[in-house]
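K.L.:
I'd like to ask you about the structure that follows.
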Amino acid sequence: MPNMMKKEIARAVETLLIEKKVQRLTVKDIVAECHITRQAFYYYFSGIPELLQWILQQKEEAAMEDYHDLKHVEERIRYWLLIAVNSKDELKKGMESNYADEIAQMVFQRMKKIFSLIVEEDEVFQRLDSFEKDFLIQYNCYAVADLIRDWTEDDSRNLDRIVHCIYLFATGKMVSACT
C-alpha cells in the first residue's frame with residue numbers, strides 16, 4: 001500500500017513537470033495534484049529531493065530488469081544509451097524546474113552507477129588501476145551526457161555506430177581501430 005501512494009505522488013510530479021510544465025515545483029502543488037494532505041506527503045517523503053531520488057531509483061530498477069539479460073558489453077552500452085536518449089525530453093522538462101541542479105546531479109550519479117556496472121561486469125578498463133577506471137567512467141558519463149543533450153535525428157539513425165564508437169573508446173580499442 002505505501003508503494004502505491006508513493007507511485008501516485010510520483011505520477012503527480014511527472015504530470016506537473018511534463019504536462020503542466022511548472023517551473024517552481026512545490027509540495028503544495030504536488031498535494032493538490034494528487035489530492036492528499038501535506039501530512040500524507042511528508043509521511044512518505046521528507047521533501048521533494050527525496051521524492052525525486054525515489055522516482056529515479058524506481059526508473060533505474062525497472063531498467064535494470066532488462067539490463068541483466070544482455071550478455072555483450074556493446075549491447076549493454078546500447079541499452080544504457082537508449083535509456084538516456086528516451087528520457088531526454090522528460091529530463092529536459094525537469095531541468096527547467098527549480099530542482100534542476102538536484103535532478104542533474106541525481107541523473108549523473110545514476111548514469112555513472114550503470115556505466116560502472118558495465119565496466120565491472122564486462123571487465124572494461126581491466127588494465128587500469130582504480131583511479132584511472134574512476135576517471136574514465138566519469139569522463140565517459142560526461143561525454144555521453146553532452147551527446148544526449150545535443151542528440152539529433154541523425155544520431156538516432158547512427159545509433160549502432162555511436163554505440164560501437166563508445167564501446168571501442170571504453171575498451172581502449174578506439175585508437176587501434178583508427179590507425
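K.L.:
Work out the charge dipole of the chain with +1 on the Cβ of Lys and Arg and -1 on the Cβ of Asp and Glu about the Cα centre, then indicate which of GLN57, PHE131, TYR99 is farthest towards its positive end.
P.N.:
Projecting each Cα onto the dipole axis, the largest value belongs to TYR99.
K.L.:
Calculate, axis by axis, the spread of Cα positions in region 1-157 along the three principal axes, and write the results as whole Å, longest axis first.
P.N.:
54, 34, 28
K.L.:
For the chain, which DSSP H helices look membrane-span-like by this rule: Cα extent along the axis of 27 Å or more and mean Kyte-Doolittle of at least 0.0?
P.N.:
100-121, 130-149
K.L.:
If each DSSP helix of 4+ residues adds -39,500 (n - 2.57) and the sum is divided by the residues in the chain, what number results at 222 nm, nearest 500 deg cm²/dmol?
P.N.:
Details: 10 runs with 135 residues, N = 179.
That comes out to -24000 deg cm²/dmol.
K.L.:
Oh, and also: Using a simple charge model, +1 on the beta-carbon of Lys and Arg, -1 on the beta-carbon of Asp and Glu, nothing else, what dipole does the chain show about its Cα centre, in debye to the nearest 20?
P.N.:
The calculation lands at about 460 debye.
K.L.:
Quick one: what does P(r) look like for region 71-179 with 5 Å bins over all Cα pairs, in whole %?
P.N.:
Binned Cα distances yield the sequence 2, 11, 21, 24, 19, 12, 7, 2, 0, 0.
K.L.:
Then there is this: Per residue and in cubic angstrom, what volume does the convex hull of the Cα atoms of region 56-113 have?
P.N.:
It is 71 Å³ per residue.
K.L.:
Please report, in Å, the Rg and the Dmax of region 1-75, where both are computed over Cα atoms only.
P.N.:
Every Cα atom of region 1-75 included, Rg and Dmax give 15.0, 48 Å.
K.L.:
Hey, what's region 1-149 come to in accessible area per residue, 1.4 Å probe, Å²?
P.N.:
Spelled out: the 1.4 Å probe surface of region 1-149, per residue, equals 60 Å².
K.L.:
What are the aspartates and glutamates whose alpha-carbon lies under 20 Å from the alpha-carbon of LYS6, with same-chain residues fewer than 8 places away excluded?
P.N.:
Hits, sequence-local ones excluded: GLU14, GLU19, ASP29, GLU33, GLU50, GLU60, GLU61, GLU90, GLU102.
K.L.:
Rounded to whole Å, give me the distance from the Cα center of region 1-40 to that of region 149-170.
P.N.:
35
K.L.:
Need the list of lysines near LYS71 for cross-linking: C-alpha distance under 29 angstrom, and skip anything on the same chain fewer than eight residues off.
P.N.:
In chain and number order, the partners are LYS59, LYS88, LYS112, LYS113, LYS133, LYS173.
K.L.:
Give the accessible area for PHE41 in Å² (nearest 10); use a 1.4 Å probe, count only protein heavy atoms, and leave out ligands, DNA and RNA.
P.N.:
Counting only protein heavy atoms, PHE41 exposes about 0 Å² to solvent.
K.L.:
Now, a different point. Of all accessible surface on the chain at a 1.4 Å probe, what whole percent is carbon and sulfur?
P.N.:
Percent of accessible area from carbon and sulfur atoms in the chain: 52.
K.L.:
Rg to Rh ratio, region 25-65, alpha-carbon atoms and Kirkwood radius?
P.N.:
So for region 25-65, dividing Rg by the Kirkwood Rh gives 1.06.
The values are calculated or read from the model by the stated rules, or taken from the named source; none is laboratory data. Just so you know, these numbers come straight off a predicted model, no measurement behind them. Virtual Cβ from ideal backbone geometry, glycine too; neighbours counted across all protein chains shown. To get the accessible areas, we keep the full protein, side chains included, count just its heavy atoms, and leave off ligands, DNA and RNA. Shrake-Rupley method; radii C 1.70, N 1.55, O 1.52, S 1.80 Å.
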